[in-house]
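Values quoted throughout were computed directly from the atomic coordinates according to the rules given, and no laboratory measurement underlies them. Being a predicted model, the structure only gives us computed values, none of them experimental. All Cβ positions, even for glycine, are placed from backbone atoms using ideal geometry, and neighbour counts span all protein chains on display.
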Amino acid sequence: MDSDKIKDLLERYWNCETTLEEEQWLRDFFNSNEVPQSLQQEAQLFQYLKQQQNVKLSDLNFEQKLKQKLQPKEGKVRSLLMTGMKLAAGISVVVASFWLVRQELNKEQPEEVVDTYNDPQKAFEETKRALQLISKNFGKAQKASTNINLINEATEKLQKENKKADS
C-alpha cells in the first residue's frame, strides 16, 4: 500500500477518527514484515500492543507478587518503632483530651444582665426608639428584596422561553 495513505491513516488513528476496520488494517500491516523503514517506530508500538494482548495475569503470578509487596517486613527495630509510635499517639490523645476539658471548665461564666436605666419610662422610650430604627431598616430591606424577586422572575421567564425555542 502507498506510504502516504498509511501516514494519512496513522494521522487519523492518533486523532481517534478511524473506523474499527481501518484500525484492524493498521494492526495487520504493522505486524507484517512489509513495513517500510520510515514507519519502523510505529511498527514497534503496534507489535508491542499485540504482545500485551496475549499476556494474562496468571502468567505473571500476580497474586503471589502482590502478597509479597503487601506483607510488612518485620524486624526488631521496626517492631519497636511501631510500638513506640502507637504509644506516643495514645498518650497525645489523652493529653489533648485533658487539656480541652480543662479549658472548658476554666471558661468564665457570663455575667448577669444588669439594668442600665433606673427610670422605667426612659427604658421604654429607648426601647421604642430602637424598635423604630429596626422597623425602618427592615422596610428598606423588604423593598430591596422585591427588586430581587422581579429579577428572579424575569430570569425564569427567559429560561422557559429559551427551552421552548430549543425544543
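Seen against the Cα atoms of the chain and their longest principal axis, helix 76-106 is set at about 20 degrees. Each residue of the stretch 129-139 was assigned a 3J(HN,Hα) from its phi angle through the Karplus curve 6.51 cos²θ - 1.76 cosθ + 1.60 (θ = phi - 60°); the sequence is 5, 5, 5, 5, 4, 5, 5, 4, 5, 5, x Hz, with glycine and proline shown as x. By the beta-carbon count within 10 Å of each Cβ, the least crowded to most crowded order of V77, V93, fewest first, is V77, V93. The lysines whose alpha-carbon is closer than 26 Å to the alpha-carbon of K140, local same-chain residues fewer than 8 away aside, are K128. Among R129, R27, sorting on how many other beta-carbon atoms sit within 10 Å of each Cβ, with the fewest leading, yields R129, R27. Cβ crowding within 10 Å ranks T127, T18 as T127, T18, fewest other Cβ atoms first. Scoring 35-42, 80-87 by mean Cβ neighbours within 10 Å over their residues and listing the highest first yields 35-42, 80-87. The angle between the Cα long axis of helix 20-30 and the longest principal axis of the Cα atoms of the chain comes to about 50 degrees, rounded to the nearest 10.
Each helix, a run of at least 4 DSSP H residues, gives -39500 (n - 2.57); summed and divided by the residues of the chain, these come to -26000 deg cm²/dmol at 222 nm. Lysines within cross-link reach of K76: Cα-Cα under 27 Å, excluding same-chain residues under 8 positions apart? Here the lysines satisfying the reach criterion relative to K76 are K65, K67, K86.
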